[in-house]
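What follows is a set of notes on a single structure, which appears directly below.
The values are calculated or read from the model by the stated rules, or taken from the named source; none is laboratory data. The shown structure was predicted, so the numbers you read here are calculated from the model rather than taken from an experiment. Ideal geometry is used to build each Cβ from the backbone, glycine not excepted, and the neighbour counts take in all protein chains shown. Heavy atoms of the whole protein, side chains included, go into the accessibility calculation; ligands, DNA and RNA do not. Shrake-Rupley method; radii C 1.70, N 1.55, O 1.52, S 1.80 Å.
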Amino acid sequence: MKKLVILVLVLTTTIASAQKRKDKEGSIKNLKGITAYNLVFDYENLKVDKFDTEEEFLEDKMGKREEKEAGKGEEFKKNWFADRENRYEPKFIESFNKRFDADEMKADKNLAEATHTMKIKTTWIYPGYNVGVMRQPAKLNATISVYANDNPNKILYKTDYIKALGNGAMGYDFNSGYRISESYAKLAKTLAYHIKKKAK
């Protein structure tokens, strides 16, 4: 009975902290008729977890790893940045595109046919953790902005997504890069469904 109560509390907390959206500028309806987006990913001034800057986060994590084994700190830093192009961005692109038919919508980096750009600016990441008996999903905050390629100063639609949750199925998400990539998948999924439903 005690375990059941704990499980209910955990699920309730997770649901309560689920992803939220806050529109900032323009309207989702301005995206009506757009069938292709050139994607731009922006990580400038990114904050991580409780740290004020990404640099502070990396310094802390690298230091702890170097104390255990020389070279592990630099390895962590290398993977941290490589995961953007190798994990996060492909996961977002895959998750977004799979919500649409091929002739209905397409989004990708350096998409020549696209007349509009969708900018995904990540502002905060919580990597989460999984130590077997305890785990927390990754979370991220991001601002999505859409504009015509020939008029980037006019924002058609801008919205903030808050706490997009990311974790792997069956609990096998021990790698932080994998957990965070699942946050990007969730972000893309929610955004795609919002466009499908409201940009009419």
Kindly sort K200, K189 by accessible area of their heavy atoms, largest first, with the probe set to 1.4 Å. K200, K189
Which ³J(HN,Hα) values in Hz, rounded to whole numbers, follow from the phi angles of the range 75-92 under the Karplus curve 6.51 cos²θ - 1.76 cosθ + 1.60, where θ = phi - 60° and Gly and Pro get x? 5, 4, 4, 4, 5, 4, 7, 5, 4, 4, 7, 8, 10, 4, 5, x, 5, 4
With a 1.4 Å probe and all protein chains kept in place, how much accessible area does V131 have, in Å² rounded to the nearest 10? 100 Å²
Debye, to nearest 20: dipole size of the range 72-166, +1 on Lys, Arg Cβ, -1 on Asp, Glu Cβ: 520 debye
Counting alpha carbon pairs within less than 8 Å and at least 6 residues apart, what relative contact order, in whole percent, applies to the range 80-149? 27 percent
Report S27's accessible area, 1.4 Å probe, all protein chains in place, as a number in Å² to the nearest 10. 40 Å²
Whole-percent pair-distance distribution, where bins are 5 Å wide, for the alpha carbons of the range 118-200: 3, 15, 22, 19, 15, 11, 7, 5, 2, 1, 0
Translational D (Stokes-Einstein, µm²/s) of the range 42-200 at 4 °C and 1.567 mPa s when Rh comes from the Kirkwood sum over C-alpha pairs? 77 µm²/s
Total charge of the residues flanking E74 in space, meaning their Cβ is under 10 Å from its Cβ, with Lys and Arg +1 and Asp and Glu -1, is +2
Nearby lysines by direct alpha-carbon distance to K61 (threshold 27 angstrom, same-chain neighbours under 8 apart not counted): K47, K50, K72, K77, K78, K91, K121, K139, K163, K186
Below 8 Å, C-alpha to C-alpha, sequence gap of six or more: please give me the relative contact order for the chain in percent. 30 percent
Alpha carbon centre of the range 69-97 versus the range 22-43: separation in Å? 25 Å
